[in-house]
1. When the Kirkwood radius is taken over all Cα pairs of the stretch 107-151, what Stokes-Einstein diffusion coefficient follows at 4 °C and 1.567 mPa s, in µm²/s?
2. Using the Kyte-Doolittle scale, find the helices of the chain whose mean hydropathy is at least 1.6 and whose Cα atoms extend 24 Å or more along the helix's long axis, counting only whole DSSP H runs.
3. Carbon and sulfur atoms: what percent of the 1.4 Å accessible area of the chain do they account for?
4. Going highest first, how would you order 28-34, 122-128, 44-50 by mean Cβ packing within 10 Å?
5. Under 20 Å Cα to Cα from K60, which aspartates and glutamates show up? Leave out anything in the same chain fewer than 8 places away.
6. Place +1 on the Cβ of every Lys and Arg and -1 on the Cβ of every Asp and Glu in the chain, take the dipole about the Cα centre, and give the residue among S26, G42, M128 whose Cα lies farthest towards its positive end.
7. Divide by every residue of the chain the summed helix terms, -39500 (n - 2.57) for each DSSP H run of at least 4, and state the resulting mean residue ellipticity at 222 nm, rounded to the nearest 500 deg cm²/dmol.
8. By how many nm would the segment from I82 to N111 grow when fully extended, if each residue of separation counts as 0.36 nm and the alpha-carbon distance is taken off?
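The values are calculated or read from the model by the stated rules, or taken from the named source; none is laboratory data. Computed from a predicted structure; not experimentally measured. All Cβ positions, even for glycine, are placed from backbone atoms using ideal geometry, and neighbour counts span all protein chains on display. Surface accessibility is based on the protein's heavy atoms, side chains included, excluding ligands, DNA and RNA. Shrake-Rupley method; radii C 1.70, N 1.55, O 1.52, S 1.80 Å.
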Amino acid sequence: MDKKLELVLITLMSLLVINVLWQVLSRYILSSPSSFTDELAGYLLIWVGVLGAAYVAGQKQHLAIDLLIQKSSVKNQKRLNIFINICIALFALFVMIIGGSWLVITRFQFNVSSAALHLPLGYVYLIMPVSGLLILYYSILFIIKPEGGTN
């Protein structure tokens, strides 16, 4: 799953770079700015950022303050890691999966579309519950197999 997630992130980032290059080219060289590139860049950035957070969570490379863990005994380190992963799992469940799903559903129900692309915003926000599911999966995996990773 990690390799597929890497491939998706590489693809999204490549699209973002191409989109921004086209934006600069069309604005400053062709003197005819493209109408959709600003909006698309923002949406791609959302997807790269949120999906990237799920990826780094799975690699155990996410931002963390681990001073307390470093100063604890090995037994307490294991307990703290379980507690931390439970907190991450609860956040992913309640905020990203449940909250993100509500956001997606309501955007589709109210037919909210983007201004330039006329894209239903439910598709843009769909990345929240998807990333939440990935983070929840990784958190549960790290609770079950604390020493093992996904590498």
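1. For the chosen part, D equals 102 µm²/s.
2. Counting only whole DSSP H runs, the qualifying helices are 127-144.
3. The nonpolar share, carbon plus sulfur, comes to 71 percent.
4. Ranked by mean Cβ neighbours within 10 Å, highest first: 122-128, 44-50, 28-34.
5. Hits, sequence-local ones excluded: D2, E6, E147.
6. M128
7. The helix-only estimate for the chain comes to -21500 deg cm²/dmol at 222 nm.
8. 6.3 nm
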